[in-house]
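Q: Right, I'll just put the structure down here and ask away after.
The values are calculated or read from the model by the stated rules, or taken from the named source; none is laboratory data. Keep in mind that what you see is a predicted model, and the values were worked out from it rather than measured. Don't worry about glycine lacking a Cβ; one is built from the backbone with ideal geometry, like all the others, and counts go over all protein chains shown. To get the accessible areas, we keep the full protein, side chains included, count just its heavy atoms, and leave off ligands, DNA and RNA. Shrake-Rupley method; radii C 1.70, N 1.55, O 1.52, S 1.80 Å.
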Amino acid sequence: MTAHVTDGDTAADTAATAAGGAARPANTATATATATTAAIPATAAPAPVPVAPVPVTAAPAPVTITPAPATVTVTPIPGTAVAPPAQTPTAGPGAPPSRVRPGRRRGWAGTLRRWRPAPWPALRATAGQTFRPLLLTAFRPTLLTLATAGAAAGVTVGPSRHTAAAPAQAADAAMGSTATATATATATATKTKAEAGAGAGAENRTAPHRPALPPGTAAAPRRPRFPPGRGLEAVSLLYLLVQLTLVVPHLAHVLGWDETVYVSQVDPRTPAAFFSAPRSRGISVLVSPVLAVTDSVLALRIVLALLSTAALYAAYRVWRPLLGHTTTALAALVFSGLWIAQISGPEAMPNLWVALGAVAATGLFLRAPREPNARWWLAVCLAGVALMRIPDAAWLGLPLLATAVCVRSHRRTLPYLLGGLAVGATQWTVEAYSRFGGVPQRLHVSGATEGGMHPHLNLFNAWRSLNGPELCRPCSGPVHHPELTIWWLALPLLALAALAVALRERRTGSPADRTLVPLAVAVCLSAPYLLLLSYSAPRFLLPAYALLALPVGGLLTRVARARPALAVTVGCLVALQLVAQYPVLHRMTAQVASLDQRYRVAADELNALGLRAPCLLVGSHAQPVGYDAGCASAATKGNNRNTTPSSVLRRAERIPTAVLTTDTGRPPHYARGWTRHPLPATDGWTAWLAPAPGASR
């Protein structure tokens, strides 16, 4: 069905409006195309209202709707009257309610704006002026047909109104809201909108800016560009950046001594090194997916850096409901700024993972009485710590179990504490019975490997190793950068000050467990390394540092908030501590990289001498050098002793074998007839090669 609209229709519609017709809805299409509807006579006329005559240039002409097979005449429903504009005010008292709120636009453009605000008003206005007329032109015949049929059935089509309107007026509004403006209609619509736009509350559709809200209407709050409370995320990203820029480039090619032991257990390309009794296999499980895909040391370093960053965020994120955003972020910054924490991130060592697991487990333990789900996560964290290092897990569980027994609100966590420790210790226990004959026997062998676990005041050795080396055994070297140890010496004092503040607040009724529990756990985790061992390493105290950072961060935050004048001082001290860690980190990464590179050079020299897999390497540095060379490693003496001289001689008859010594002295008695080969660029290391298998001796 096709509708023909002429210029005569425009004049007729203008005359009908001047004669008392109802005002059209104030929308874009009505204001743009006013003269596109048929003049349908009404059956009942309203009361006469004096209206000034408006001259018209053309007589009213009806719109002829010509269908394809026949002509359809639209007859309005009798008894419908259109009220004059004066009887239906559009604003003020007595005005009908409108479904469109002030400042909102009607139609699809307003709906789209509410769904997704356009960031470029000029682009939105250009798109509306370009595509909207095209769409309306394409669907104009269909919309005119629907509007006419709806008017004939007495259904209002177009913008909804609460005022009564004739079907002809409804059809007029619907067709006017969807018609395309011609040149003549555009000029007429511009004049009509200038005269009646203010009275009808119409909105200028051509303005690219957002309309102003009416007086007294509160504007919606704008969402901040950077939400607050993102300090922990920033600290985690900074921690990752330091690892990738200052640590990984130095250690991207070789592995350290202990790393080769853990990695070789799951590396399918090399024989497994001797796994001593004190070690646990958690770190081997952690790196196994990477080694199953590639043997690249760089890839392993990057993956460990990413995982350690995620673990740092997750561990301290547990404390955010307990201590708040600022204290949690400051505690994470204090801990992650330590050089030993930064160098341990991309290393395949278990101490950092024990530290972060202890932080998460302690926080979950404090949240467990109020959050039942925290108990399950507590069990998971304890199982992970036990899988990494079973002795540290025992010292971690000791204060938590004591607190759960003594405090009634924490007694429901007892099954989860015991269950998590039991699950994590399962593998270690099974291995104890399969390799050492039982748990007591493995503990005895572990103590012997560590040099005897007996009371020993190890504070001096711990202080000497604060700034390196990574392993101080024996601790006989000088103290490096003693001026940078002030922070380490101040850490116990700050912890005691935090304890005093917590005890004072406890008297006033404030909870003190958020300070007492992490302090107790930190003391227990540091006790075996400060009171039972005869040597030290900076990584041993990582769990204690991670936990002490929580009350220390709370103390510093409290001081800065209580006295704003001290906030700048606290910030400067923290920044000075972080900057002071850089020279130590730089020196230690260079030292570790130099030692690890020596392992790689020795392995390459042995491969050039004919020692290739399958082969056997014996000696004090046989484990890291043998891993790089692709050989099995063994030791006939020392802490890693796992074979005998007679066993070495028997294996030398079957596979290429060599003994590695770190000095120019004589070889072991069973290798005195073997060939001597000095290894250049290794600081005096010497390889003693056995005769080729099958050769006459």
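Q: Considering only the range 360-379, how many residues are under 11 Å from ARG412 (Cα atoms) and in contact (Cβ under 8 Å) with a residue 12 or more places away in the chain?
A: 4
Q: Here's another thing I want to ask about it. For the range 361-380, what are the residues that are part of a helix (DSSP H, G or I) and open to solvent by 10 Å² or more (accessible area, probe 1.4 Å)? Don't jump to the end; show me each part of the working.
A: To start, the set of residues in the range 361-380 that are part of a helix (DSSP H, G or I) comprises 361-367, 372-380.
Residues satisfying the conditions are LEU364, ARG367, PRO372, ASN373, ARG375, TRP376, TRP377, ALA379, VAL380.
Q: Starting from the range 324-337, keep only residues that are under 9 Å from GLY231 (Cα atoms), then list their pairs with residues that are assigned to a helix (DSSP H, G or I) and among the hydroxyl-bearing types (Ser, Thr, Tyr) whose Cβ atoms are within a distance under 8 Å, requiring at least 6 positions of separation or different chains.
A: THR326/THR557; THR328/TYR316; ALA329/TYR316; LEU330/THR557
Q: Next up: Could you pull out the residue among TRP463, TRP487 that is open to solvent by 60 Å² or more (accessible area, probe 1.4 Å), aromatic (Phe, Trp, Tyr) and under 23 Å from SER344 (Cα atoms)? It would help to see each step written out before you state the result.
A: Details: TRP487 fails: open to solvent by 60 Å² or more (accessible area, probe 1.4 Å).
Being open to solvent by 60 Å² or more (accessible area, probe 1.4 Å), aromatic (Phe, Trp, Tyr) and under 23 Å from SER344 (Cα atoms) holds for just one of TRP463, TRP487, which is TRP463.
Q: Continuing with this model, one more query. Considering only the range 400-423, how many residues are surrounded by 20 or more Cβ atoms within 10 Å (Cβ to Cβ) and among the small types (Gly, Ala, Ser)?
A: Going through the range 400-423, the residues surrounded by 20 or more Cβ atoms within 10 Å (Cβ to Cβ) turn out to be 400, 403-404, 410, 413, 416-417, 420-421.
Now restrict to residues that are among the small types (Gly, Ala, Ser): 404, 420.
Going through the range 400-423 one residue at a time, the tally reaches 2.
Q: Scan the range 467-497 for residues that are farther than 30 Å from ALA512 by Cβ and touching a residue at least 24 places away in the same chain (Cβ under 8 Å) and report the count.
A: Residues meeting the conditions: 12.
Q: Which residues, counting only those in the range 291-303, are farther than 30 Å from ARG442 by Cα and either open to solvent by less than 50 Å² (accessible area, probe 1.4 Å) or without any contact (Cβ under 8 Å) to a residue 24 or more places away in the chain (or both)?
A: Correct list: VAL293, THR294, SER296, VAL297, ALA299, LEU300, ARG301, VAL303.
Q: Would you check if PRO668 is free of Cβ contacts under 8 Å to residues at least 60 places away in the same chain and out of contact with any Lys or Arg (no Cβ under 8 Å at 6 or more places or on another chain)? Explain how you work it out, then say what you get.
A: Details: free of Cβ contacts under 8 Å to residues at least 60 places away in the same chain: yes; out of contact with any Lys or Arg (no Cβ under 8 Å at 6 or more places or on another chain): yes.
For PRO668, the condition - free of Cβ contacts under 8 Å to residues at least 60 places away in the same chain and out of contact with any Lys or Arg (no Cβ under 8 Å at 6 or more places or on another chain) - is met.
Q: Pairs under 8 Å by beta carbon, first residue under 18 Å from MET349 (Cα atoms) in the range 519-540, partner assigned to a helix (DSSP H, G or I) and open to solvent by 30 Å² or more (accessible area, probe 1.4 Å), six or more apart or different chains?
A: Hits for this filter: LEU525/TRP395; SER536/ARG464.
Q: Also: Among the candidates GLY673, GLY638, GLY684, single out the residue that is among the small types (Gly, Ala, Ser), out of contact with any Lys or Arg (no Cβ under 8 Å at 6 or more places or on another chain) and under 20 Å from LEU609 (Cα atoms).
A: Details: GLY673 fails: out of contact with any Lys or Arg (no Cβ under 8 Å at 6 or more places or on another chain); GLY638 fails: under 20 Å from LEU609 (Cα atoms).
Result of the check over GLY673, GLY638, GLY684: GLY684.
Q: May I ask you to verify whether GLY397 is open to solvent by less than 10 Å² (accessible area, probe 1.4 Å) and in a helix (DSSP H, G or I)? Even if it seems obvious, please write down each step before you answer.
A: Details: open to solvent by less than 10 Å² (accessible area, probe 1.4 Å): yes; in a helix (DSSP H, G or I): yes.
Criteria met by GLY397.
Q: Restricting the range 240-280 to residues that are closer than 20 Å to SER308 by Cα and open to solvent by 60 Å² or more (accessible area, probe 1.4 Å), which is modelled with the lowest pLDDT?
A: By that ranking, first place goes to HIS253.
Q: Every residue in the range 536-576 that is among the hydroxyl-bearing types (Ser, Thr, Tyr) and at pLDDT 90 or above, please.
A: Kept after step one, since they are among the hydroxyl-bearing types (Ser, Thr, Tyr), are these residues of the range 536-576: 536, 545, 557, 569.
Within the range 536-576, SER536, TYR545, THR557 meet the criteria.
Q: Oh, and also: Among the strands (runs of 3 or more DSSP E) lying completely within the range 600-697, list those that include at least 2 residues that are open to solvent by 60 Å² or more (accessible area, probe 1.4 Å). Break it down into steps so the answer makes sense when it comes.
A: Values: elements: 616-619, 632-634, 657-661, 675-678, 686-689.
Of the strands (runs of 3 or more DSSP E) lying wholly inside the range 600-697, those with at least 2 residues that are open to solvent by 60 Å² or more (accessible area, probe 1.4 Å) span 675-678.
Q: Could you list, in sequence order, all residues of the range 316-326 that are among the hydroxyl-bearing types (Ser, Thr, Tyr) and at pLDDT 95 or above? Write out each step before concluding.
A: Within the range 316-326, the first condition is being among the hydroxyl-bearing types (Ser, Thr, Tyr), and the residues that meet it are 316, 326.
The answer is TYR316, and nothing else.
Q: Would you check which residues across the range 424-455 are open to solvent by 20 Å² or more (accessible area, probe 1.4 Å), closer than 18 Å to LEU531 by Cβ and part of a helix (DSSP H, G or I) and list them?
A: Correct list: LEU443 only.
Q: Also, quick follow-up: Looking only at the range 678-695, which residues are at pLDDT 90 or above and under 11 Å from THR661 (Cβ atoms)?
A: If the condition is that a residue be at pLDDT 90 or above and under 11 Å from THR661 (Cβ atoms), then PRO678, LEU679, TRP685, THR686, ALA687, TRP688 are the ones that fit.
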